[in-house]
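Just passing along the structure, written as structure tokens.
The values are calculated or read from the model by the stated rules, or taken from the named source; none is laboratory data. All figures in this text were calculated on a predicted structure; none of them were measured in a lab. Every residue, glycine among them, receives a Cβ derived from its backbone with ideal geometry; neighbour counts consider all protein chains shown. Side chains included, ligands, DNA and RNA excluded: accessible areas come from the protein's heavy atoms. Shrake-Rupley method; radii C 1.70, N 1.55, O 1.52, S 1.80 Å.
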Amino acid sequence: MKIIDDSLLKDLAEQAQKSPRLRMNYNFHQSLDDKCHRFLNALEIGTEIPIHRHPTKDETFLIIRGKVRVNIYDDKGNVVETVILSQSEGNYGADIPKNTWHTVECLEPDSILFEAKEGPYISHEQDGILEL
């Protein structure tokens, strides 16, 4: 059993701070080929997650700690929906339907999301990045 506790979150946040990407995953799935991907994603302010979509996969975000903004876009790159995920604001998660352009922006240091989506792993470059 893997326990999600303060020690794990602290270690993961420290790894994200040191990462050139300013984010770090902690995977619960065993392989990138697994049918279900479940992981923690630690985010720091300034990390860049391109506007992307998963043509065949729904994706769920749950906020564990901190604050992030989730944006949904149309095919032209216009924001059509936005939500701030923050336990203190009472917004705990977002479920993104397949083939929906989206991104996540970190608004507080040491923010951590739990994410779940169908596997196997496919890079954003293959799934689709919105070119503006």
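Mind telling me which of the residues 103, 82 ends up being modelled with pLDDT of 95 or more and in contact with a Lys or Arg (Cβ under 8 Å, 6 or more places away or on another chain)? Give the steps one after another, and end with the answer.
Numbers: 103 fails: in contact with a Lys or Arg (Cβ under 8 Å, 6 or more places away or on another chain).
It is 82.
Separate question: Restricting to segment 83-113, name every residue that is open to solvent by less than 40 Å² (accessible area, probe 1.4 Å) and touching a helix residue (DSSP H, G or I) at 6+ places or on another chain (Cβ under 7 Å).
112, the sole residue that qualifies.
Here's another thing I want to ask about it. Write out, first by first residue and then by second, each pair whose Cβ atoms fall under 6 Å of each other, whose residues are 6+ apart or on separate chains, and whose first residue, in segment 38-51, is farther than 20 Å from residue 62 by Cβ while the second is of a type in the set (Ser, Thr, Tyr).
Within 6 Å, the pairs are 51/73; 51/103.
(1) within 21 Å of residue 131 (Cα to Cα); (2) open to solvent by less than 70 Å² (accessible area, probe 1.4 Å); (3) assigned to a loop (DSSP other than H, G, I, E, B); (4) in contact (Cβ under 8 Å) with a residue 60 or more places away in the chain: which one isn't true of residue 34, the others all being true?
(1)
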